[in-house]
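Engineer: My questions all concern the structure below.
Each value in this text was obtained by applying a stated rule to the coordinates, not by laboratory testing. Just so we're clear, the structure is a prediction, and the values are computed from it rather than from any experiment. All Cβ positions, glycine included, derive from the backbone under ideal geometry; neighbour counts span all protein chains shown.
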Amino acid sequence: MTSHILVPLEDADLATEALEYALSTFPDADITALHVVHPFEADVDPEVGFSGPWDGDWFETATEEAEALLERARHLADERGVALSTAVELGRPARTILDYVEEHDVDHVVVGSHGRSGVSRVLLGSVAETVVRRSPVPVTVVR
């Protein structure tokens, strides 16, 4: 039976390292790269003000950025000769990842982490930590 590995991706080097780890460690598995578009992230531009889900172009821009990120992931997988599925979901990252695990029969999650500890972890929160604590399947954290 083939395992289904989920690799949540964001636009960060650590997420790429997590994908590289999954591709090299589980080359025969069904691997899915998932990017979660968080609708409540707002950017502040001093010239324009706030932009976010209430901005008409926000969703289109976020989707284009997600597709570009996943295209880079597909290219990385192709270089290694490994098949890769991709998905884009809308929601809060940790919750959406956990929902995806349950809804798509995922057997293992490989996630990148900044490795923060102490006060910075408490203040900044951690998607990786939430996934590790609440996942119904094993999680590998790549630092």
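Engineer: If Lys and Arg each add +1 and Asp and Glu each add -1, what is the summed charge of the other residues whose beta carbon sits under 12 Å from the beta carbon of Ile5?
Structural biologist: After counting each charged neighbour, the total is -4.
Engineer: In addition: For Val37, list long-range residues whose amide hydrogen, built 1.01 Å from N in the peptide plane, is under 5 Å from its own amide hydrogen.
Structural biologist: Residues meeting the criterion, in which the H sits 1.01 Å from N, are Glu89, Leu90, Gly91.
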